Amino acid sequence: MVLLAFAGIAAAALSVTTDSTSVAPEKKGTATAKCPRGSEAVAGGFASPGFDPGFENSSIVHFDSHRASDREWRTQGHNFGEGGADPKVPADGEMDAYAVCDSKSPSIVVKSKTKSISPLPPVVVMRSDPKGIGTAVAKCPKGSEAVSGGFTSPGNADQGEDATYPFTSKRVGKRKWKVKALNDDSRHRRTLKTLAYCDKREPGLDVRSDQVTVRAGDKKTLDLGCRDGEKPLSGGYSSTFNASTQTGAFTFTSRPISGDRWRVSAFGSGGVAKVGASKRGVVAPLARAKLKAFAYCK
């Protein structure tokens with residue numbers, strides 16, 4: 001565990017801890033950041049440094065990022081990289097967990113919602129929630145505020161690459177946390193669980209956002225700062241998803257950086273965009289997704 005300095009926010013005393021692990025190609029890994037005694041994990045994040053959007057070297061995609069206990073924030077992911085494409089690049093990938101710790105926080109109230117997601121069919125019919133895609137929204141009690149959120153794919157840690165992989169994890173209003181995920185299993189239903197972490201103090205977080213377009217096979221990063229005198233307590237992200245081309249922006253990093261910003265990085269998945277036949281024989285462009293990142297500031 002590594003303890004990083006983190007600027008104080010209002011009357012709170014915040015710090016950030018990290019944990020790192022190495023994940024071999026075609027394997028799953030777990031990292032858990034733990035807060036110091038006397039503090040509570042009020043938010044958290046994850047990162048896969050050196051992510052390869054070509055999936056030849058390290059390409060860790062996260063299916064779990066949530067509070068494992070009052071003082072711990074855990075992430076789990078699968079390394080889809082084949083390994084060995086470039087002998088100069090290590091085949092194993094680094095996976096990091098981050099915990100935002102508050103020594104003056106009241107006990108966080110945890111609310112959750114689960115969703116069973118059907119297998120992804122060979123041909124997807126576009127609906128509000130097409131087959132293979134699921135949405136779960138957790139809601140905080142009245143008199144509290146959702147200060148952060150998380151997700152997990154229960155029962156999938158030891159089942160190869162099959163899991164629910166979120167492309168959206170964000171706050172909705174002041175009391176809800178919403179997660180949308182893809183079921184990567186083509187044969188079985190998988191479960192998505194969304195968690196909302198609720199603060200009875202209702203701190204009134206300020207929301208900052210930015211967005212970018214991500215092309216399939218590429219990756220983009222957004223760094224969000226807060227207004228003067230504020231710092232990010234947590235972060236979130238959302239992506240468009242085109243069911244016909246299975247195109248979305250899947251986040252592999254969502255974490256605090258330098259104590260005053262929140263970073264979101266994502267890669268573009270999917271194939272060629274469907275367009276009408278061209279008389280000139282022009283090749284159709286790669287599909288694109290719109291990534292939006294959020295910082296929840298105090």
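Structural remarks
- The stretch 218-265, accessible surface, carbon-and-sulfur percent (1.4 angstrom probe): 33
- Neighbourhood charge, 15 Å Cβ-Cβ cut-off, centred on LYS34 and excluding it, Lys, Arg +1 and Asp, Glu -1: -2
- Near the amide H of GLY83, within less than 5 Å, lie the amide hydrogens of ASN57, all on another chain or at least 5 residues away, with H placed in the peptide plane.
- Amide H contacts for GLU202 (H built 1.01 Å from N in the peptide plane; partners 5 or more residues away or on another chain; cut-off under 5 Å): GLU145.
- Each Lys or Arg adds one and each Asp or Glu takes one away; over the other residues whose Cβ falls under 9 Å from the Cβ of GLY77, this sums to 0.
The values are calculated or read from the model by the stated rules, or taken from the named source; none is laboratory data. Because the structure is predicted, anything quoted here is derived from the model rather than measured. We place every Cβ from the backbone using ideal geometry, glycine too, and count neighbours over all the protein chains shown. Note: areas computed on protein heavy atoms with side chains; ligands, DNA, RNA excluded. Shrake-Rupley method; radii C 1.70, N 1.55, O 1.52, S 1.80 Å.
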